[in-house]
1. Let me know the charge dipole size of the range 20-85 about its Cα centre in debye, to the nearest 20, where only the beta-carbon of Lys, Arg (+1) and Asp, Glu (-1) is charged.
2. Ranking 57, 191 by Cβ neighbours within 10 Å, fewest first, what do you get?
3. Do the alpha carbons of any pairs in 61/164; 105/151; 156/177; 33/125; 138/164 sit beyond 28 Å of each other, and which pairs?
4. Name the residue farthest towards the positive end of the dipole of the chain from the options 70, 96, 134, assuming +1 on Cβ of Lys and Arg, -1 on Cβ of Asp and Glu, about the Cα centre.
5. Ranked highest first by average number of other Cβ atoms within 10 Å, how do 174-181, 109-116 line up?
6. Only four residue types carry charge here, +1 at the Cβ of Lys and Arg and -1 at the Cβ of Asp and Glu. Report the dipole size of the chain about the Cα centre in Debye, rounded to the nearest 20.
7. Using Cα pairs under 8 angstrom and six or more residues apart, how large is the relative contact order of the chain, in percent?
8. What is the Cα centroid distance between the range 1-60 and the range 105-166, reported in whole angstrom?
Amino acid sequence: MTKNIDFYFDFISPYSYLAYKKLKRINNTNQIKVEYKPILLGGLHKLSEITPPAFNERKLKNMKNDCELVAIKNDIEFEWNSKFPLNSLYLMRGYLVVEKNLKNKFFEVCFDAYWRDNMDILDEKNLDQILTTIGLDKNSFLQNIENQEVKDMLKKLTNDAFEKDIFGAPSFVVNNKIFWGQDRLAYALDEYNS
């Protein structure tokens, strides 16, 4: 059986972005098998009966400061998105519909747009720019993300994550062990390499 890291993410999560950038840097020199698992963080919070940090002023303020600190300490380009929180539903569905050979590019371009470039990912011009950068046809993309099977798939992935006791993003699963948070990536890698 091939070992891999299951990386549960949502583009809305700044910590998922930071973890992705850290993992990408590590993966440039190591061949780590990563399975990206898109989830709707808002849906997961609802299932877990968790109030998202974005709706708690103190948590939000501290989360913003913490993300900026993590970015500085890890030399990651990061700018808190002035529109946070934005609904990431279309992009999360989009990850499911893009062809396999474009998934990594989609992943990076979407994360960078939101957490590096401070883009309003719901703005039509920005979405056009994102899709053009990736090489995707806008009409086909918009049609595909409205497909009921795609909607059901994202809902199932979110429900499956909840059933596995995942409650936040990023979460990493290695050998059936859950590691929650970008600051636990090192522990997930230790488990992966054991």
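Read-outs: derived from the displayed coordinates by stated rules, not from any lab. Note that the structure is a prediction, hence the values are computed from the model and not measured. Counting neighbours? That spans all protein chains shown, and the Cβs are built from the backbone with ideal geometry, glycine included.
1. Using Cβ point charges on Lys, Arg, Asp and Glu, the range 20-85 gives about 120 debye.
2. Listed from fewest to most nearby Cβ atoms, that is 57, 191.
3. Table pairs above 28 Å Cα-Cα are 61/164; 33/125; 138/164.
4. In the chain, that residue is 70.
5. Descending mean neighbour count gives 109-116, 174-181.
6. On the way: 27 positive and 28 negative charges, 71 e Å.
The dipole magnitude comes to about 340 debye.
7. Values: 248 pairs, mean separation 66.0, N = 194.
In percent, rounded to a whole number, it is 34.
8. Centre-to-centre (Cα) distance: 14 Å.
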